[in-house]
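A quick write-up on the structure given underneath.
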Amino acid sequence: MSYQLPDAHGHFGRFGGSFVAETLVHALEALRDAYARYRDDPEFQREYAYELEHFVGRPSPVYHARRWSERLGGAQIWFKREDLNHTGAHKVNNCIGQALLARRMGKQRIIAETGAGQHGVATATVAARYGMPCVVYMGAEDVRRQASNVYRMKLLGAEVVPVESGSRTLKDALNEAMRDWVTHVEDTFYIIGTVAGPHPYPQMVRDFQTIIGRECREQMPRDAGRQPDYVLASVGGGSNAIGIFHPYIEEASVQLIGIEAAGEGLGSGRHAASLNCGVVGVLHGNRTYLLQDEHGQIMPTHSISAGLDYPGVGPEHAWLKESGRARYVGITDAEALAAYHDCCHIEGIIPALESAHAIAQAIKMAPELSADTIILVNLSGRGDKDMHTVAEHSGITL
Ligand SMILES: *Cc1c(COP(=O)(O)O)cnc(C)c1O
């Protein structure tokens, strides 16, 4: 079986593709051509590598969670420390790649949309770094809920536009960003934050995030003695997961497990587990698994973790699930919260609530496995951003 996907039209098996308005076809073709030209260009790759080292602080280390592994009495748990990146998560890896491409395409202006604000902050950061004006669309409800990220974006010089239409959340912000792009397509580059959207975004974002897995392949033999038996990562849109999975796909002995937000339980109707519970449909320009009702309406989702609270998933994950190369499981809000607290006091690391979902799956599995088994978990981001949410669940007001 070949995993050299997608095909020339952006298909991962029957998933992916490009479903967009006529007005965007030309812009996507230009992006595809530019990306095809620069992805193997040594000068582009050199600048990308330089930025990752000097601005982001890469490589991020792998870390043996030794105390926790001993306590669980089974497999050895290792973390890939994406939380140590500048801006505190993996998202910046992708934003830098797209910003460098925007500059080579002669685009003057950056736009993005954001839900919880993490992608907005990463985009505003790189826009400041390269001196480009930046507009971030955000649902008005999210602007209210995520005031500190809104202020962070403003400090970084971005304009944050609250979107008042619809449910005033991420999907409305997405529509508004699309509208902006159609109107200003000549001078504007739209930075998408995960492996979703129309072709070539799922492929391009994946390629930029594979730095995570490529580093692990070098680091694990050196630091852990060999490659891992299991690689685990949380799945919102799927960018941190595909970033660590992809370099391991052709290595059949490595099991890949994605962790979706099971919210209040997979049977509760209050979750964001599109691969576990969804059906195939089209959303945001590609065909994939979605949480939608029998009339094709997108259903409201829930997760304690804002970054996992998305009704779709990147098309390559849909394909990895269907081909059987990766498995996808759910972790509930309560399980993720417990892992968050344990990670703080056993390992001295405050993880993002998204990452806590992947960690929770590792600590479920570890006691059943032998002491020479290695589980590598992508610790996709740091968790200071989630302190208010966590405190609230403990009945504490900060
Ligand atoms: C945004 C985010 C995620 C979820 O997005 P993916 O595209 O699925 O990676 C996971 N972890 C952190 C820390 C995030 O900020």
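The values are calculated or read from the model by the stated rules, or taken from the named source; none is laboratory data. This structure is a prediction, so every number in the text was calculated from the model and none was measured. No Cβ is skipped: glycine too gets one built from the backbone with ideal geometry, and neighbour counts run over all protein chains shown.
Data for the structure
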{"item": "Some residue of the stretch 47-54 being among the aromatic types (Phe, Trp, Tyr) and within 16 Å of the ligand (Cβ to nearest atom)", "result": "no"}
{"item": "Count of residues meeting criterion [farther than 20 Å from Glu368 by Cα and near the ligand (Cβ under 8 Å from one of its atoms)] in the stretch 223-241", "result": "8"}
{"item": "Filtered residues of the stretch 347-391 (kept if in a helix (DSSP H, G or I), more than 12 Å from the ligand (Cβ to nearest atom) and at pLDDT 95 or above)", "result": "Glu347, Ala360, Gln361, Ala362, Ile363, Lys364, Met365, Ala366, Pro367, Glu368, Val390, Ala391"}
{"item": "Set Ala75, Ala99, Ala112: member being under 23 Å from Leu379 (Cβ atoms) and either among the β-branched types (Val, Ile, Thr) or touching a helix residue (DSSP H, G or I) at 6+ places or on another chain (Cβ under 7 Å) (or both)", "result": "Ala75"}
{"item": "Residues of the stretch 316-328 satisfying the condition of being surrounded by 21 or more Cβ atoms within 10 Å (Cβ to Cβ) and either assigned to a strand (DSSP E or B) or within 13 Å of the ligand (Cβ to nearest atom) (or both)", "result": "Glu316, His317, Ala326, Tyr328"}
{"item": "Hits in the stretch 107-157 - residues which are in contact (Cβ under 8 Å) with a residue 60 or more places away in the chain and away from the ligand (no atom under 16 Å from the Cβ)", "result": "Lys107, Gln108, Arg109, Ile110, Ile111, Arg129"}
{"item": "Filtered residues of the stretch 281-327 (kept if touching an Asp or Glu at 6+ places or on another chain (Cβ under 6 Å), closer than 17 Å to Ile242 by Cβ and either hydrophobic (A, V, I, L, M, F, W, C) or modelled with pLDDT of 95 or more (or both))", "result": "Leu308"}
{"item": "Residue selected from the stretch 80-103 under the condition of a type in the set (Val, Ile, Thr) and within 12 Å of the ligand (Cβ to nearest atom), by the criterion nearest to Arg217 (Cα to Cα)", "result": "Val92"}
{"item": "Residue in the stretch 365-398 that is surrounded by the fewest Cβ atoms within 10 Å (Cβ to Cβ), counting only those that are among the charged types (D, E, K, R) and under 15 Å from Asp333 (Cβ atoms)", "result": "Glu392"}
{"item": "Only one of Asp33, Asp40 that is more than 16 Å from the ligand (Cβ to nearest atom), assigned to a loop (DSSP other than H, G, I, E, B) and without any contact (Cβ under 8 Å) to a residue 24 or more places away in the chain", "result": "Asp40"}
{"item": "Any hit, the stretch 58-78, residues being outside any helix (DSSP H, G or I), of a type in the set (Gly, Ala, Ser) and modelled with pLDDT under 95", "result": "no"}
{"item": "Qualifying positions in the stretch 167-207 - within 13 Å of the ligand (Cβ to nearest atom) and under 13 Å from Gly314 (Cβ atoms)", "result": "Ile192, Gly193, Thr194, Val195, Ala196, Gly197, Tyr201, Pro202, Val205, Arg206"}
